[in-house]
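Reading through the structure tokens given below for one structure.
The values are calculated or read from the model by the stated rules, or taken from the named source; none is laboratory data. As the structure is a prediction and not an experimental result, all values here were calculated from the model. Glycine gets a Cβ as well: all are built from the backbone with ideal geometry, and neighbour counts include every protein chain shown. All accessible areas refer to the heavy atoms of the entire protein, side chains included, with ligands and DNA or RNA removed. Shrake-Rupley method; radii C 1.70, N 1.55, O 1.52, S 1.80 Å.
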Amino acid sequence: MAFKKIFPLEKLILISFVGISLFIYAPCSLAVKKGYKLKVEKKAIPQKDEEMVGGSFMVASQCPDCNNGYQLSQVVFSGFDKPRNSSTETFFITNNTDRTLTGVNLYIDYRTLDGRQLHKRFYPLRCNIPPGETRQASLPSWDKNKSFVYKKSRDSERTPGTPFDIIFDPVAFYLRF
């Protein structure tokens, strides 16, 4: 049997043919392989402010005939504290109602001592305060640079901060049925 001598041009054509065949065949063979499913995490749907705590009702006005006789003034805020180097703000909430307080929606207005507004934010706060009792609340500070100090807080004598005052403006509170 005699083997035919393959010339360089024929080698090139043969290699090209094999390469093209593999190029066409390889993606087809990969397409039939089993695919993988992407796992999708289910995120919790955030509750609306009106549905803050199950089994609670909202008091949102000063109307004495509305809201089952409850008024916003029955929840009192006191004892605010924010030292200069603190990343949190603390204050006390007193529940002067006959039901358990489960949440408060409030605006906190931050002002210079001469009354100029520095910042204002809305904060929905969950809590569990029995009737007639007081609890401390803690929030992340609005002062990211830690350069302000509440006017009644203890200030560092070495590096004093800029004093500010606050105004609490409750929008609504929630009482358990």
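Annotation: extensible slack from residue 88 through residue 139 equals 17.8 nm (criterion: 0.36 nm per residue apart, minus Cα-Cα distance). May I ask you to derive the FRET efficiency for residue 66 and residue 158 from their Cβ-Cβ distance with R0 = 45 Å, giving the value to the nearest 0.05? It comes out at approximately 0.30. Computed over the stretch 48-177, the convex hull of the alpha-carbon atoms projects to a mean area of 8.4 nm².
As a test of reading the structure, rank 112, 162 by solvent-accessible area (1.4 Å probe, protein chains only), most first. Display every interim value, and only then the final one.
Values: 112 20, 162 70 Å².
Ranked from most to least accessible, the order is 162, 112.
Return the carbon/sulfur percentage of the accessible area of the stretch 68-177, one whole number, probe 1.4 Å, all protein chains in place. Within the stretch 68-177, the accessible surface is 46 percent carbon and sulfur.
Ordering 175, 113 by accessible area with a probe of 1.4 Å, largest first, what comes out? Don't skip to the end; give the middle numbers.
On the way: 175 0, 113 110 Å².
Descending accessible area places them as 113, 175.
In the complete set of protein chains, residue-level accessible area for residue 153 is approximately 20 Å², probe 1.4 angstrom.
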